[in-house]
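Below is one structure, written out as structure tokens, with a few remarks after it.
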Amino acid sequence: MFHTIWKLIKPQKRQLHEKEPETESLEEAVLSPEELPSKLPGINIQDALNTLNIGRDIFKRILIGFLDNNKHTMENIKEAFDKQDRATLLLLAHTLKGSAANIGAEDLQEAALKLEAASREKTQRVVAYSLIENVEITLNQVLKSLQTLVEISKVESYKEIPVDTVKLLSLFKQLAAALKMADPLGIKKHMEVLKEYLDRSTLQHLENQINGYDYDEALETLKGIAENLGGQM
């Protein structure tokens with residue numbers, strides 16, 4: 001039987017059971033921190049892997065980077081549109097087009113391409129807002145898929161050696177305290193310890209937030225992990 005949880009703790013010794021038939025849902029398409037499905041809504045992963053000729057583990061880091069780098073992209077695009085700042089709109093659309101192409105987000109790439117072309121066209125007085133809406137729809141689909149990829153994994157039913165959750169929650173609280181104080185040395189120290197417990201994708205996501213000085217978001221990530229372990233921050 002499959003169950004959907006945060007893949008928070010590095011898997012230890014386990015006993016596998018027979019798999020049940022797989023479904024086509026997004027949540028069950030995600031296999032493990034090191035594995036990826038061939039497709040996600042809005043993203044053709046296999047095509048991108050074939051084009052880039054890289055491993056799935058490296059590509060997953062690229063996907064997480066896309067998620068972290070594009071959280072505010074639509075806000076910036078809409079702001080540029082409201083100001084009719086074609087130069088900024090052109091730059092944002094061009095950057096998004098290239099990033100989408102790199103991860104196999106074909107619909108998003110096409111939407112960004114059309115926005116880029118319209119922003120460059122000097123004969124048009126105003127860029128059509130429908131182009132902005134199309135970018136938003138396709139980008140949101142991609143971001144939703146990537147957020148699910150970060151948070152959810154399909155896990156086979158198995159017996160795990162019990163994890164000392166009390167100790168782990170204590171480590172989370174120590175890191176949270178360092179984040180609240182914006183203490184770089186404390187943050188680095190506690191992150192080094194947590195590397196022994198967190199899986200690769202969760203750790204990468206948390207490191208991206210911290211390296212980007214998004215301490216509030218990092219605190220929310222820790223809070224979510226703690227709650228899924230049955231504790232509180």
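Which of the residues spanning the stretch 93-131 are over 29 Å from P37 (Cα atoms) and touching a residue at least 12 places away in the same chain (Cβ under 8 Å)? L115, E116, A118, S119, R120, V126, V127, Y129, L131, listed by residue number. Just so you know, in the stretch 54-74 the residues that are part of a helix (DSSP H, G or I) and not hydrophobic (A, V, I, L, M, F, W, C) include one that is surrounded by the most Cβ atoms within 10 Å (Cβ to Cβ), and it is K60.
Summed over the stretch 78-94, residues that are farther than 17 Å from E121 by Cα and surrounded by 15 or more Cβ atoms within 10 Å (Cβ to Cβ) total 1. So, G230, is that one touching a helix residue (DSSP H, G or I) at 6+ places or on another chain (Cβ under 9 Å), at pLDDT below 85 and part of a loop (DSSP other than H, G, I, E, B) or not? Considered against the rule, which asks whether it is touching a helix residue (DSSP H, G or I) at 6+ places or on another chain (Cβ under 9 Å), at pLDDT below 85 and part of a loop (DSSP other than H, G, I, E, B), G230 comes out as yes.
Is it the case that S145 is closer than 17 Å to I45 by Cα and at pLDDT below 95? Yes; evaluated as a whole, the condition is true for this residue.
The values are calculated or read from the model by the stated rules, or taken from the named source; none is laboratory data. The structure displayed is predicted, hence computed values, not measured ones. Note that each Cβ is placed from the backbone with ideal geometry, even for glycine, and that neighbours are counted across all protein chains shown.
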